[in-house]
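K.L.:
The structure is given below, and queries will be raised subsequently.
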Amino acid sequence: MSPKSFLLSDPLHDYLLSSSTPLDEVLRSLAVETAGLGGVSRMQVAPEQGLLLTLLTRAIGARRAVEVGTFTGYSALCIARGLAEGGRLTCCDVNEEWTAVGRRHWEAAGVAHRIDLVIGPAAETLAALEDEAIDLCFVDADKEGYAAYWDLLLPRVRRGGVLLVDNVLWSGQVLDPGQDDLDTVAIRAFNQKVAGDDRVDVVVLPIADGLTFAVKR
């Protein structure tokens, strides 16, 4: 299964998955169809990251969740599966072709009724969200938008709510002084911003491509 946590060898990644809850047929089908898209498939979350999303969502009893960056819907499916009874997930994305893959698999998994997909600029969607407090959010979108998404989401997250942000280690490039492209610079700035934000407690986990795990104080 690819992608995977980038610090793991292939044999260790296989062992990790064999020691975790097995992926079901719907998740495998979605991963295979996404892989068929070619190089862009690297944007899909790692399978172990998907399992973590389900477990975290379930562990905090989340009823209201928001995702920024849905791609082919793997992470959305995982979050939706973890929601408490009556829970809802709002997904923000701009690509109808990729999210259509997700829609079909959400239906197959029996979670489509829990997911509201909004096609359009995420900042506009987040700014227009209802006042209901958010229990959990997951950001995996354009890196230059991370800081803005954080500022829009954090005030809407309840105390004790969870914010998860993907790709914050950027395959280790955050430590490479020779990398000065816009995405890498934006991720470095975002990591510094979050580390200094006294509204949250935060840890960066070396899972997938680096995952920020923050809890609102």
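K.L.:
So which residues in the range 30-72 are open to solvent by 50 Å² or more (accessible area, probe 1.4 Å) and either among the polar types (S, T, N, Q) or more than 22 Å from Val215 (Cα to Cα) (or both), if there are any at all?
P.N.:
Val32, Glu33, Ala35, Gly36, Leu37, Gly39, Arg42, Met43, listed by residue number.
K.L.:
Now for a separate question. In the range 88-128, which residue that is crowded, with 18+ Cβ neighbours inside 10 Å and among the polar types (S, T, N, Q) is farthest from Thr34 (Cα to Cα)?
P.N.:
Per the criteria, the residue is Thr125.
Table: residues versus (1) at pLDDT 95 or above; (2) touching a Gly at 6+ places or on another chain (Cβ under 6 Å); (3) of a type in the set (Ser, Thr, Tyr).
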position	(1), (2), (3)
Glu96	yes, no, no
Val111	yes, no, no
Ile115	yes, no, no
Cys137	yes, no, no
Trp150	yes, no, no
Val168	yes, yes, no
Gln173	no, no, no
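K.L.:
Being among the aliphatic types (A, V, I, L, M) and either surrounded by fewer than 23 Cβ atoms within 10 Å (Cβ to Cβ) or closer than 16 Å to Ala59 by Cβ (or both) is the filter here; which residues of the range 73-87 pass it?
P.N.:
Ile79, Ala80, Leu83, Ala84, listed by residue number.
K.L.:
Considering only residues that are open to solvent by less than 60 Å² (accessible area, probe 1.4 Å) and touching a residue at least 40 places away in the same chain (Cβ under 8 Å), which ones fall in the range 185-205?
P.N.:
Ala186, Ile187, Ala189, Phe190, Val194, Asp197, Val200
K.L.:
Out of (1) touching a residue at least 60 places away in the same chain (Cβ under 8 Å); (2) at positive phi, the odd one out for Leu53 is which?
P.N.:
Looking at each condition in turn, Leu53 falls short on (2).
K.L.:
I'd like to verify a number: residues in the range 13-51 that are of a type outside the set (A, V, I, L, M, F, W, C), part of a helix (DSSP H, G or I) and under 28 Å from Val204 (Cβ atoms), how many?
P.N.:
As a first pass, look at the range 13-51 and keep what is of a type outside the set (A, V, I, L, M, F, W, C): 13-15, 18-22, 24-25, 28-29, 33-34, 36, 38-39, 41-42, 44, 47-50.
Among the residues that remain, those that are also part of a helix (DSSP H, G or I) are: 13-15, 18, 25, 28-29, 33-34, 39, 41-42, 47-50.
From what is left, the residues that are under 28 Å from Val204 (Cβ atoms) are 13-15, 18, 34, 39, 41-42, 47-50.
The total comes to 12.
The values are calculated or read from the model by the stated rules, or taken from the named source; none is laboratory data. On a predicted model such as this, the values are computed, not experimentally measured, just so you know. With ideal geometry, Cβ positions are generated from the backbone for all residues, glycine too; neighbour counts draw on all protein chains shown. All accessible areas refer to the heavy atoms of the entire protein, side chains included, with ligands and DNA or RNA removed. Shrake-Rupley method; radii C 1.70, N 1.55, O 1.52, S 1.80 Å.
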